[in-house]
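In what follows, a structure is listed as structure tokens, so that the remarks can point back to it.
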Ligand SMILES: Cc1cc2nc3c(=O)[nH]c(=O)nc-3n(C[C@H](O)[C@H](O)[C@H](O)COP(=O)(O)OP(=O)(O)OC[C@H]3O[C@@H](n4cnc5c(N)ncnc54)[C@H](O)[C@@H]3O)c2cc1C
């Protein structure tokens, strides 16, 4: 594995090694680029993962200080945990589930379809479904989604049997075990699932796609990737022309380093990405880097999210098997006659006893609570995931009153549910309860939103520079050698879980970067080397600018 | 405050038990809650004071641990939302349910990878409903593609 010099002028510096950053790193190294992948977390390997919800949480979760405000219930239940994401090589793909629906056509055109809603800052994406479809195909093949590329569906587990019978019971027509990122049969050098029931704790047998053991080692195999775990980027640096020159980070030894870069791509998940750009304000960028539109940090979306658990008079054992391998599409279309715009999916979900206690009814206690817990073996569960409305006032800002371990202002996440979100959640809860009642549930429980697992929209794509932060390829309108490579760039959130779209956009972005570099259309920033030891290996003569591109 | 008094320990255990009553669980399961609170109180004056005050309030006029079940519930409702109540509740909901003894009592089997997962151990053994289709019905089509 190469170690590039700190003053290397050719590297692409990528911040974050999750779905966006890990995929981009692989695609760019495959195309011959030198990549430095900076990851704040440690490099854990699957044998270190534990089948234990709280221990795993402490091992993998992003626990740096965050604050919340606004009327959403999470601000009360989990005031310092607005989102549940990972800080580790592989990012949140280390403990995601794997549900991967594509977006629908109308979801790229929200200002057209959701017009006239109060308080909604809707905007059409600068791309359409047709633009992204070829990349969806490549992403599905890369991830190895069930039901695509000749890969079979996962079998029905116990929780799915209840879910699907309930779907039939209420007359739903479109359901299956999901487009799911877990091997039902061995593929891509990874084994089939053993239905261990632990997804949100890391996949010990690697049957679930994660950049940790797919994209990142493949990028390393090209000989072009310099992976730096324990490297927390605190600033994107710019020159007098407003171009990015590299990143300043705190390395694993606690030392501040500057890595020069030809291009900087930020994929820190949709809270850390805007935070980093806001913390990178400078003379030319007083309101934060690439924020001439004022939209940086705004339009934060977290998806509808809610759950229904149901207790039966017979055993279910929902915790056995893939926790989210079930998917119902019937409520996904935009049908305003239901009293809200947009749509939602019902997806399978199970939690173990520790997390069920923490999330089923935050703040709950007494016999009502404990009797539900005593119904655990007879319990089935589902998750409701739908489109929430982009609102300017839902935003990530810097909280200057609280500093993190590196002296940087922590992010504050402000969120108020839009009336459309509330109407959709009510509809979705009722739908989930009806589903379970149709197969004989003796009790159903409405569970409120969890800390966000999907974080979206804080550096959105737009056709025009005044409406958003990045263009159709995730390139900052204001800073042409700065890219955003995670769900921050989503113009709107759609109903679908975001990761397939993050991966598809990263593949597309890598292609764009390669083409644009070859055409000489991305300008370079000019860093003045400060005289420190540039470190690393001497640059290889075959890796000079102009010869680094297009090897594949 | 370095150690909880035996009265504080005993009362906190009764409080945790009254908040999260599982009749089949032994007191041992709730002792884990008390131990964690003790760890948090160690060297933290503010938490120590919260515990002392909270218990004094609950013990007035009759010591909480001497109350009958429904009286304990009434006492808890009286102090619900207070600092001591919140401390015990937040600690109990994590510590009580983060315990293999409790998992077993609730029928949760816990770690599974070392046993080969559930692929041959009942992931699909539910037999009181018919086996549903796992593939999308081709006659209705997806909303995608
Ligand atoms: C429990 C759970 C279940 C999920 N299930 C699904 C699902 O079924 N389907 C789906 O589509 N999605 C799912 N998701 C969401 C999915 O994990 C995310 O959409 C995806 O991982 C986001 O990719 P990303 O690249 O934006 O960020 P991440 O994967 O979160 O990666 C960001 C990385 O950047 C690093 N980083 C951040 N800031 C810095 C910095 N300043 N310097 C250096 N490094 C930094 C972080 O440490 C992290 O490793 C789930 C998430 C959770 C938590």
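The values are calculated or read from the model by the stated rules, or taken from the named source; none is laboratory data. Owing to the predicted nature of the structure, the values given are computational and were not obtained by experimental measurement. Glycine also receives a Cβ, built like all others from the backbone with ideal geometry; neighbour counts cover every protein chain displayed.
Give just the number: which of (1) within 19 Å of residue A:83 (Cα to Cα); (2) at the interface with another protein chain (Cβ under 8 Å from one of its Cβ atoms) does residue A:359 not satisfy?
Looking at each condition in turn, residue A:359 falls short on (2).
For every residue, the table says whether it meets (1) at the interface with another protein chain (Cβ under 7 Å from one of its Cβ atoms); (2) surrounded by fewer than 19 Cβ atoms within 10 Å (Cβ to Cβ); (3) in contact with a strand residue (DSSP E or B) (Cβ under 7 Å, 6 or more places away or on another chain).
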position	(1), (2), (3)
B:92	no, no, no
B:96	no, no, no
B:101	no, yes, no
B:105	no, yes, no
B:111	yes, yes, no
B:114	no, yes, no
B:119	yes, yes, no
B:123	yes, no, no
B:127	no, yes, no
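Only residues that are within 15 Å of the ligand (Cβ to nearest atom) and either surrounded by fewer than 19 Cβ atoms within 10 Å (Cβ to Cβ) or not in a strand (DSSP E or B) (or both): list them for the range A:2-17, please.
Hits for the range A:2-17 are A:16, A:17.
Please go through the range A:458-495 and give me each residue that is within 12 Å of the ligand (Cβ to nearest atom) and either more than 13 Å from residue A:290 (Cβ to Cβ) or outside any strand (DSSP E or B) (or both), ordered by number.
Within the range A:458-495, A:458, A:459, A:474, A:485, A:486, A:487, A:488, A:489, A:490, A:493, A:494, A:495 qualify.
Can you tell me which condition residue B:48 does not meet? The list is (1) crowded, with 18+ Cβ neighbours inside 10 Å; (2) within 8 Å of chain A (Cβ to nearest Cβ); (3) touching a residue at least 40 places away in the same chain (Cβ under 8 Å), and all the others hold.
Of everything listed in (1) crowded, with 18+ Cβ neighbours inside 10 Å; (2) within 8 Å of chain A (Cβ to nearest Cβ); (3) touching a residue at least 40 places away in the same chain (Cβ under 8 Å), residue B:48 misses just condition (2).
Looking only at the range A:445-457, filter to residues that are under 14 Å from the mean Cα position of the chain (by Cα) and outside any loop (DSSP other than H, G, I, E, B); which one of those is nearest to residue A:520 (Cα to Cα)?
A:456
What pairs come out if I take residues in the range A:173-201 that are without any contact (Cβ under 8 Å) to a residue 12 or more places away in the chain and pair them with residues that are more than 16 Å from the ligand (Cβ to nearest atom) whose C-beta lies under 6 Å away, six or more apart or interchain?
Short answer, once both residue conditions are applied: A:186/A:192.
Is it fair to say residue A:506 is in contact with a helix residue (DSSP H, G or I) (Cβ under 6 Å, 6 or more places away or on another chain) and either within 16 Å of residue A:461 (Cα to Cα) or in a loop (DSSP other than H, G, I, E, B) (or both)?
When the stated conditions are applied, residue A:506 passes them.
Have a look at A:41, A:20 and point out the one that is surrounded by fewer than 24 Cβ atoms within 10 Å (Cβ to Cβ) and either away from the ligand (no atom under 11 Å from the Cβ) or touching a residue at least 24 places away in the same chain (Cβ under 8 Å) (or both).
After ruling out the rest, the residue left standing is A:41.
For the range A:169-200, enumerate the residues that are at the interface with chain B (Cβ under 7 Å from one of its Cβ atoms) and not in a loop (DSSP other than H, G, I, E, B).
Hit for the range A:169-200 is A:176, nothing else.
Out of A:334, A:269, I need the residue that is modelled with pLDDT of 95 or more and more than 16 Å from the ligand (Cβ to nearest atom). Which one?
Going through A:334, A:269 in turn, just one is modelled with pLDDT of 95 or more and more than 16 Å from the ligand (Cβ to nearest atom): A:334.
Please specify each residue of the range A:219-247 satisfying the condition of being within 14 Å of the ligand (Cβ to nearest atom) and closer than 13 Å to residue A:266 by Cα.
Of everything in the range A:219-247, those that are within 14 Å of the ligand (Cβ to nearest atom) and closer than 13 Å to residue A:266 by Cα turn out to be A:232, A:233, A:234, A:235, A:236, A:237, A:246, A:247.
Which of the residues that make up the range A:279-310 are over 15 Å from the mean Cα position of the chain (by Cα) and within 12 Å of the ligand (Cβ to nearest atom)?
A:279, A:280
Across the range A:103-155, what is the number of residues that are within 14 Å of another protein chain (Cβ to nearest Cβ) and touching a strand residue (DSSP E or B) at 6+ places or on another chain (Cβ under 8 Å)?
7
Hey, can you tell me all the residues within the range A:362-417 that are in contact with a helix residue (DSSP H, G or I) (Cβ under 9 Å, 6 or more places away or on another chain), under 21 Å from residue A:68 (Cβ atoms) and outside any strand (DSSP E or B)?
Within the range A:362-417, A:362, A:363, A:364, A:388, A:389, A:390, A:408, A:415, A:417 qualify.
State whether the residues of the range A:416-423 include one that is in contact with a strand residue (DSSP E or B) (Cβ under 6 Å, 6 or more places away or on another chain) and either at pLDDT 95 or above or within 24 Å of residue A:349 (Cβ to Cβ) (or both).
Within the range A:416-423, none of the residues are in contact with a strand residue (DSSP E or B) (Cβ under 6 Å, 6 or more places away or on another chain) and either at pLDDT 95 or above or within 24 Å of residue A:349 (Cβ to Cβ) (or both).
Pick out the one residue from A:210, A:203 that is within 14 Å of chain B (Cβ to nearest Cβ), in a loop (DSSP other than H, G, I, E, B) and within 18 Å of the chain's Cα centre (by Cα).
A:203
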